[in-house]
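Accompanying notes for the structure given below.
The values are calculated or read from the model by the stated rules, or taken from the named source; none is laboratory data. Only a predicted model underlies this, so the values are computations on that prediction, with no experimental measurement involved. When we count neighbours, we look across all protein chains shown, and the Cβ atoms used for this are built from the backbone with ideal geometry, even at glycine. Ligands, DNA and RNA are stripped out before the accessible areas are found, and what is left, the full protein with its side chains, is counted by its heavy atoms. Shrake-Rupley method; radii C 1.70, N 1.55, O 1.52, S 1.80 Å.
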Amino acid sequence: MPDIRYPGRDRLIAAVDAALVHDDAHTITAALREAMQALIRDPAVRLPPCVHAPVDGHYARRELYRSPQHGYSIVAMTWAPGQGTPLHDHDELWCVEGVWHGTLEIVQYEHLAQDGARYRFRPASTVQAQTGSAGSLIPPHEYHIIRNADPAVVAVSLHIYQAPILRCALFDPQGGDWYLRRETVMQTDAFDPGD
């Protein structure tokens, strides 16, 4: 069970635990969005320095904590300029995402139709998420792309998942609004918590 120590770690975990007293995903994620925005602005909460180091070839995923009591997972992601995700889902888990540093472009998609492994989507909204902002994804509205569109600045985001996200579906463009669904296993990147 990952549990990395850093300044403000206990404050972050207490805020997440407090949001989970609610009964439904909409109330939980609303409380988490508010808490995340406050934590990002709190100078006493500083993510481990290693989460600011990008990884060549893909955005970095570093799991910082997994709750033994509630089952949620906290993952820091590092986005070098130009790095991003394909269209994907969150395996039917809710998630709250906060931008800790930099800017991320988030495009949410609307699921229109399905024919076997072929899915039809259209972009529903695009957000330029700045440092200090937080948003949430609640199934079935979980289809999205994230990328760092800034040509010079590394972005860091913090993601709180309902449970550890071990797999997800990726959607490869097939032409028009059609995409081909494929499963992938989610990987985490190693890091030195002493950095």
With the first residue restricted to the stretch 5-27 and required to be of a type in the set (Asp, Glu), and the second required to be open to solvent by 50 Å² or more (accessible area, probe 1.4 Å), Cβ contacts under 7 Å at 6 or more apart or on different chains are Asp17/His70
Over the stretch 63-76, the set of residues part of a strand (DSSP E or B) and open to solvent by 10 Å² or more (accessible area, probe 1.4 Å) is Glu63, Tyr65, Arg66
Among strands (runs of 3 or more DSSP E) entirely within the stretch 105-154, at least 2 residues that are more than 14 Å from the chain's Cα centre (by Cα) and among the aromatic types (Phe, Trp, Tyr) occur in 118-130
When the stretch 155-195 is checked residue by residue, the ones that are among the charged types (D, E, K, R), in a loop (DSSP other than H, G, I, E, B) and within 24 Å of Leu32 (Cβ to Cβ) are Asp189
For the stretch 146-159 the number of residues that are touching an Asp or Glu at 6+ places or on another chain (Cβ under 8 Å) and at pLDDT 95 or above is 6
Expected single match for out of contact with any Asp or Glu (no Cβ under 8 Å at 6 or more places or on another chain), among the hydrophobic types (A, V, I, L, M, F, W, C), over 22 Å from Arg41 (Cβ atoms) and surrounded by 15 or more Cβ atoms within 10 Å (Cβ to Cβ) among Val107, Val96 is Val107
Subset of the stretch 1-56, residues aliphatic (A, V, I, L, M), open to solvent by 60 Å² or more (accessible area, probe 1.4 Å) and in contact with a strand residue (DSSP E or B) (Cβ under 7 Å, 6 or more places away or on another chain), comes to Met1
Checked pairs for the stretch 112-130, first touching a residue at least 40 places away in the same chain (Cβ under 8 Å) and under 16 Å from Ile145 (Cα atoms), second aromatic (Phe, Trp, Tyr) and open to solvent by 60 Å² or more (accessible area, probe 1.4 Å), C-beta under 9 Å and 6 or more apart or across chains, list as Tyr119/Trp178; Arg120/Trp178; Phe121/Trp178
When every residue in the stretch 175-195 that is surrounded by 13 or more Cβ atoms within 10 Å (Cβ to Cβ) and of a type in the set (Asp, Glu) is compared, the one modelled with the highest pLDDT is Asp177
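Please enumerate the residues belonging to the stretch 45-70 that are small (Gly, Ala, Ser) and modelled with pLDDT under 95. Break it down stepwise before answering.
The first filter runs over the stretch 45-70 and keeps only residues small (Gly, Ala, Ser), leaving 53, 57, 60, 67.
Result: Ala53, Gly57.
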Selection from the stretch 80-104 of residues farther than 23 Å from Gln174 by Cβ and part of a strand (DSSP E or B) yields Cys95, Val96, Glu97, Gly98, Val99, Trp100, His101, Thr103, Leu104
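Out of all the residues in the stretch 36-43, is one or more under 20 Å from Ile165 (Cβ atoms), in contact (Cβ under 8 Å) with a residue 12 or more places away in the chain and not charged (D, E, K, R)? Let's see the steps before the verdict.
The first filter runs over the stretch 36-43 and keeps only residues under 20 Å from Ile165 (Cβ atoms), leaving 36.
Restricting the remaining residues to those that are in contact (Cβ under 8 Å) with a residue 12 or more places away in the chain gives 36.
Subset that is not charged (D, E, K, R): 36.
Scanning the stretch 36-43 turns up at least one residue that is under 20 Å from Ile165 (Cβ atoms), in contact (Cβ under 8 Å) with a residue 12 or more places away in the chain and not charged (D, E, K, R).
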Cys168 passes all but one of the listed conditions (1) surrounded by 13 or more Cβ atoms within 10 Å (Cβ to Cβ); (2) modelled with pLDDT under 95; (3) of a type outside the set (A, V, I, L, M); the exception is number (2)
